1. Do we have any residue at all in segment A:21-39 that's within 14 Å of another protein chain (Cβ to nearest Cβ) and of a type outside the set (Gly, Ala, Ser)?
2. Just for segment A:50-93: of the residues that are β-branched (Val, Ile, Thr) and under 27 Å from the mean Cα position of the chain (by Cα), which one is nearest to the other protein chains (Cβ to nearest Cβ)?
3. Please find, among B:SER237, B:SER250, B:SER230, the residue that is farther than 18 Å from B:ASN88 by Cβ and either more than 13 Å from chain A (Cβ to nearest Cβ) or surrounded by 23 or more Cβ atoms within 10 Å (Cβ to Cβ) (or both).
4. Looking at segment A:191-233 only, could you name the residues that are without any contact (Cβ under 8 Å) to a residue 60 or more places away in the chain and farther than 24 Å from A:GLU28 by Cα?
5. Between a first residue in segment B:29-45 that is not assigned by TED's automatic domain parsing to the domain that holds B:TYR257 and a second residue that is of a type in the set (Gly, Ala, Ser), which pairs have beta carbons less than 6 Å apart while being 6 or more apart in sequence or on different chains?
6. Is it the case, given these coordinates, that B:MET141 is more than 14 Å from chain A (Cβ to nearest Cβ), aliphatic (A, V, I, L, M), in contact with a Phe, Trp or Tyr (Cβ under 8 Å, 6 or more places away or on another chain) and surrounded by 16 or more Cβ atoms within 10 Å (Cβ to Cβ)?
7. I'm checking my understanding of the structure. Among residues of segment B:200-211 that are buried (at least 20 other Cβ atoms within 10 Å of the Cβ) and more than 9 Å from chain A (Cβ to nearest Cβ), which one is nearest to B:ASN88 (Cα to Cα)?
8. Please go through segment A:32-63 and pick out each residue that is among the small types (Gly, Ala, Ser), assigned to a loop (DSSP other than H, G, I, E, B) and out of contact with any Leu (no Cβ under 9 Å at 6 or more places or on another chain).
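The values are calculated or read from the model by the stated rules, or taken from the named source; none is laboratory data. Just so it is clear, the structure is predicted and the values come from calculations on it, not from any experiment. Note that each Cβ is placed from the backbone with ideal geometry, even for glycine, and that neighbours are counted across all protein chains shown.
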Amino acid sequence: MGFLDIANVTKSYGAVEVLHRVDISVAEGEFLVLVGPSGCGKSTLLNMIAGLEGITSGEIAIKGRAMNGVHPSRRNIAMVFQSYALYPNMTVAQNITFGLEMHGVPKAEREAAMTRVAAMLQIDKLLDRKPGQLSGGQRQRVAMGRALVRNPDVFLFDEPLSNLDAKLRVDMRTEIKKLHQSLRTTIVYVTHDQIEAMTLSTRIAVMNKGYVQQLGTPKEIYDTPANVFVATFMGSPAMNILPARVVMQDGAPHAAVIDAAGQTRHLRFSQPGMADWAGREILLGIRPEAITDPEGADRKSGNIQHLSNTVVVTEPAGADTFVTMTLSGRDVVGRMRADVAITPGQSFGFAINMDKAVAFDPATEARIAP
Amino acid sequence: MSAVSQGTAVSTGRFTRVLIHVTLLVFALFYLLPLVVMLINSVKPLGEITGGNMMALPKVWTIQPWLEAWSTAQIGVQPTGLRPYFINSIEMVVPAVAISTLMGALNGYVLTKWRFRGDTVLFGLMLFSCFIPFQIVLIPMARLLGLMGLAGTVPGLIFVHVVYGLGFTTLYFRNYYAAFPTELVRAAQIDGAGFFRIFTRILLPLSGPIIVVTVIWQFTNIWNDFLFGSSFSGQASQPMTVALNNLVQSSTGVKAYNVHFAGAILAALPTLFVYIVSGRFFVRGLMAGSVKG
């Protein structure tokens, strides 16, 4: 029994089911991020928690109280919208206190709450302005202020940073994280940006096509993705997925891949259990940061496999250089140190950290190992 | 506005510009001519009109025709002037405009923000009422007013105009609110505002332009209406348009053209006033929502 319980919840529009049996239990003070591509049902789920959309079947409970059919204003939640949804006809101060006024809070108390929140968000100089006179970042703060002032049980964020420019987005992301660390309020946060999901959350629910693909801590999601979708959706650049055959060599399972010259190369698995798959095809998943130049390889790894292959493209990105090679007919990206000397078209010795490799069943795309 | 049009206008030669201005001036004079004729003849003694040139300025200036038209002219059988009918029209037009505008706003709010099964069909049917000719509803409406006990009264006229105007006002507000962000309504719901509070605190304060458009539209239509006014009013509830007709059409005695002109201007003044006061919002409101920003 958690603080916010989503139990067996489905959502249908007519005959079309858009959310399938979602089960998530959120503990008090947790920061849950719902992440997924457009149309995966994450915003629908958030709106159902808010009470803005009905629940077709199942139950949503906050603090053990079933919320099905309860009006949004009686759920003691607050929501920050993607467009901020500030009332254009009211000043910042009126925007922040509108909810309190609707709940019949006396004026003096409203003023006190507003002053406290405005100071916390550093918007105390903007209180007499209208939303139209504010910048994007300021509007974002006011929208959070409006949510904070209510002292809700659960905060709901619907892609709050997607309307901001890149730099401001990073700043506000940090602000939100700080806010959560100081307030320790339960947060459910929807985004399609996997970096926001990784940096902010204590737990992530990766969603696709109305299913929760995986629910776990950022580390679990990143290191042991449940399937190919989660593996490729989380992380940038995406995890390399390439077909491979499991072969036994010197009594240990190896992944047989084909290099640019058409030669079969063997990469030893760190998991002895992969021997069960000997002779069968799998999908091998390797994150770009597990493919490095030999000097940049992880010294703590017990299983660095070396592989020389032709370099297709190099992409210097400042801090790192991304290097593309061809393995088993797929483009495979590695992340090198910035100053590594690599020329496209030439052969280069790659170091592959097989401790971090993930194997998937090609039929179900589910993870086999680790 | 002018800065923009100057900046984007195609630059023309001096000769072309003079030509354009002369042409425009001629047309402006042509269209102003009836008003000028009415004005100068309404401040002349009748003898000057019947004895001579309609276009000449008055030799003797007088406001007697205006006073007569307002308070002593023979309307039908009573020498009351247009005043009581002017008051009838005001008593009819103010509530009719207010009620139809408010109901149109509520309809638009419900049709866009509280969608329900069949709402588009309902809106289609309401739109249909914009295309029903006045003549078709005359007899059923007369029967209905009779049943309601409102036949021949000002409230009856108000009712007729509200019903007839609802299609238009709903159309205006629905289209305006369709572009209104639904997230604002949701935010207000979470803040704890109910159906009417969202309407009065969030939507109505942001509806200025469309309210102006609707009010002008309804005001001119209802004020200028003659058919409903002559069909459904009694002796004591006739609106200004019907009274003006009775003044001008009276078949006995000498035709007092100067009084008729003054009366006609009196009848047109309120709509003129509404246009001048809020006309600039009219265009702005019609354009609202067509361009973002």
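1. Step one: of segment A:21-39, the residues within 14 Å of another protein chain (Cβ to nearest Cβ) are none.
Checked against the condition, which is being within 14 Å of another protein chain (Cβ to nearest Cβ) and of a type outside the set (Gly, Ala, Ser), segment A:21-39 yields no hits at all.
2. Going through segment A:50-93, the residues β-branched (Val, Ile, Thr) turn out to be A:55-56, A:60, A:62, A:70, A:77, A:80, A:91-92.
Next, from what is left, pick out any that are under 27 Å from the mean Cα position of the chain (by Cα): A:55-56, A:60, A:62, A:77, A:80.
On the way: A:ILE55: 16, A:THR56: 16, A:ILE60: 15, A:ILE62: 14, A:ILE77: 7, A:VAL80: 9 Å.
Taking the candidates together, the pick is A:ILE77.
3. Working: B:SER237 fails: farther than 18 Å from B:ASN88 by Cβ; B:SER230 fails: farther than 18 Å from B:ASN88 by Cβ.
Going through B:SER237, B:SER250, B:SER230 in turn, the sole match is B:SER250.
4. A:VAL230, A:THR232 - these are the residues of segment A:191-233 that are without any contact (Cβ under 8 Å) to a residue 60 or more places away in the chain and farther than 24 Å from A:GLU28 by Cα.
5. B:SER42/B:ALA262
6. On the way: more than 14 Å from chain A (Cβ to nearest Cβ): yes; aliphatic (A, V, I, L, M): yes; in contact with a Phe, Trp or Tyr (Cβ under 8 Å, 6 or more places away or on another chain): yes; surrounded by 16 or more Cβ atoms within 10 Å (Cβ to Cβ): yes.
Criteria met by B:MET141.
7. The residue in question is B:ILE211.
8. Narrowing segment A:32-63 to residues among the small types (Gly, Ala, Ser): A:36, A:38-39, A:41, A:43, A:50-51, A:54, A:57-58, A:61.
From the residues that got through so far, the ones that are assigned to a loop (DSSP other than H, G, I, E, B) too are A:36, A:38-39, A:41, A:51, A:54.
A:GLY36, A:SER38, A:GLY39, A:GLY51, A:GLY54 - these are the residues of segment A:32-63 that are among the small types (Gly, Ala, Ser), assigned to a loop (DSSP other than H, G, I, E, B) and out of contact with any Leu (no Cβ under 9 Å at 6 or more places or on another chain).
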